[in-house]
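**Student:** Before we start, here is the structure in question, set down as structure tokens.
The values are calculated or read from the model by the stated rules, or taken from the named source; none is laboratory data. On a predicted model such as this, the values are computed, not experimentally measured, just so you know. Positions of Cβ are generated from backbone atoms using ideal geometry, with glycine treated the same way; all protein chains shown enter the neighbour counts. Surface areas here come from the heavy atoms of the whole protein model, side chains and all, with no ligands, DNA or RNA. Shrake-Rupley method; radii C 1.70, N 1.55, O 1.52, S 1.80 Å.
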Amino acid sequence: MKDPRIELLAKNLINYSIRLQKGEKVLIENFGLQKELVKALVKEAYAVGGYPFVSLKDNDVNRALLLGAQEEQYEMLASFEANVMSQMDAYIGLRAGDNINEHADVPAEKMKIEGATVGKKVHREIRVPKTRWVVLRYPSPSMAQLAKMSTDGFEDFYFNVCNLDYGKMDKAMDNLVDLMNKTDEVKITGPGTDLTFSIKDIPAIKCSGQMNIPDGEVYTAPVRYSVNGTLTYNTPSPYQGFTFEQVKLTFKDGKIIEATSNDTERLNAILDTDEGARFIGEFAIGVNPYILHPMQDILFDEKIDGSFHFTPGQCYDDAFNDNHSNIHWDMVNIQRPDYGGGEISFDGVLIRKDGRFVIPELEALNPENLK
């Protein structure tokens, strides 16, 4: 029996997220072989008169490729995939798998090869700036374990999150976007955190189901050399197959001058990937009312209600602060009382306390108003 929630998700992805039109081409790239949603997406793409193309991949096979990766090989792979991506109007990236740590034993230098070729030339240079795209996960027992939920319970949670009324969220975000666009100085405080930076003249961008599913954030970027102070992240942060915890970063004039974690050596090796990896490329505020706790999956964790993330590495073109890097590492801090609380102020005015917006024009983004 077909799950009607899958068909609804497919309709939302095709018609709302990527807004596929008659005659347009969409690449559906699936890691993990979740065929039911892929078939539903193909059916819905045809229903609107589009042309679906499907690429099926497997995380375990990808690991085997990465273990022996050579630069020349991945330059060729990037050329092949860039040729396909450049002909697409839209892209849906479906990520699923049985093991979030499938790449844990892939050497960092091999992961760097993929990031500098396929990651850069296909996704950052073509897919992100030149297509309408959306990336999502698909529920699995592995994800349910990370969320500390039963498989059935996690599926219910997943479809609540992913079939949220994102059009309503989109409208509710307008006042936050306007306020961020008028703001110069941001100050963030909380346990182990006292941070200041400027976002002056860098656009704020709302994310309401048109690039990620699940979604629920408004992002911008700090002025590159403006970040000063200390930030302690209070959620686990998987990156390149390893889960980092207790990450603490100290900034001076924009640059990370000290970084510690449960594996400080590995952390600093990533931050030494290139010059831009020690500067920040994104600051974002999370507002999804159904996502409350980290599950070591950044597509969910960066949208947690009452959270923000502060991202070492590459900035986005639409919130450009001139920081370039092969790294883009979203690390999350939750400011609700059950995670220690915290405050965000814009130009000296408190706008969010303990994860809740406290000025009238932003109250529409509090969780009870988005469900």
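**Student:** Suppose we filter segment 314-371 for residues that are surrounded by 16 or more Cβ atoms within 10 Å (Cβ to Cβ) and acidic (Asp, Glu); how many remain?
**Tutor:** 3
**Student:** Counting only residues that are in contact with a Cys (Cβ under 7 Å, 6 or more places away or on another chain) and outside any loop (DSSP other than H, G, I, E, B), how many does segment 169-215 have?
**Tutor:** 1
**Student:** Related question: Please verify whether segment 180-201 includes one or more residues that are open to solvent by less than 10 Å² (accessible area, probe 1.4 Å), farther than 30 Å from Ile351 by Cα and aliphatic (A, V, I, L, M).
**Tutor:** no
**Student:** For segment 130-139: of the residues being open to solvent by 20 Å² or more (accessible area, probe 1.4 Å) and at pLDDT 90 or above, which is nearest to the chain's Cα centre (by Cα)?
**Tutor:** Across segment 130-139, the extreme among qualifying residues is Trp133.
**Student:** Which one is surrounded by the fewest Cβ atoms within 10 Å (Cβ to Cβ), of the residues in segment 226-241 that are assigned to a strand (DSSP E or B) and hydroxyl-bearing (Ser, Thr, Tyr)?
**Tutor:** Step by step, filter segment 226-241, then rank; the result is Thr230.
So that you can scan it fast, the table gives a plain yes or no per residue for (1) assigned to a strand (DSSP E or B); (2) at pLDDT 95 or above; (3) buried (at least 16 other Cβ atoms within 10 Å of the Cβ):
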residue: Leu13; (1), (2), (3): no, yes, yes
residue: Ile28; (1), (2), (3): yes, yes, yes
residue: Leu33; (1), (2), (3): no, no, no
residue: Pro52; (1), (2), (3): yes, yes, yes
residue: Ala69; (1), (2), (3): no, no, yes
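**Student:** Let me ask something else about it. I'd like the residue in segment 96-116 that is in contact with a strand residue (DSSP E or B) (Cβ under 7 Å, 6 or more places away or on another chain) and open to solvent by less than 50 Å² (accessible area, probe 1.4 Å) and, out of all such residues, is nearest to Leu299 (Cα to Cα).
**Tutor:** Ala96
**Student:** Listed residues Ser142, Ser79; which is more than 25 Å from Ser237 (Cβ to Cβ), small (Gly, Ala, Ser) and either under 22 Å from the mean Cα position of the chain (by Cα) or outside any strand (DSSP E or B) (or both)?
**Tutor:** Ser79
**Student:** Quick one: Leu164 ticks every box in (1) closer than 24 Å to Gln296 by Cα; (2) part of a loop (DSSP other than H, G, I, E, B); (3) at pLDDT 95 or above bar one, so which box is it?
**Tutor:** For Leu164, the exception is condition (3).
**Student:** Could you please let me know if Ile285 is open to solvent by less than 10 Å² (accessible area, probe 1.4 Å) and more than 24 Å from Thr183 (Cβ to Cβ)?
**Tutor:** Taking the combined requirement at face value, the residue does not satisfy it.
**Student:** Shifting gears a bit: If the Cβ limit is 8 Å and pairs must be 6+ apart or interchain, which residue in segment 15-32 that is over 16 Å from Tyr46 (Cβ atoms) pairs with which residue that is assigned to a loop (DSSP other than H, G, I, E, B) and of a type in the set (Gly, Ala, Ser)?
**Tutor:** Tyr16/Gly209; Ser17/Gly209; Asn30/Ala96; Phe31/Ala96; Phe31/Gly97; Gly32/Ala96; Gly32/Gly97; Gly32/Ser140
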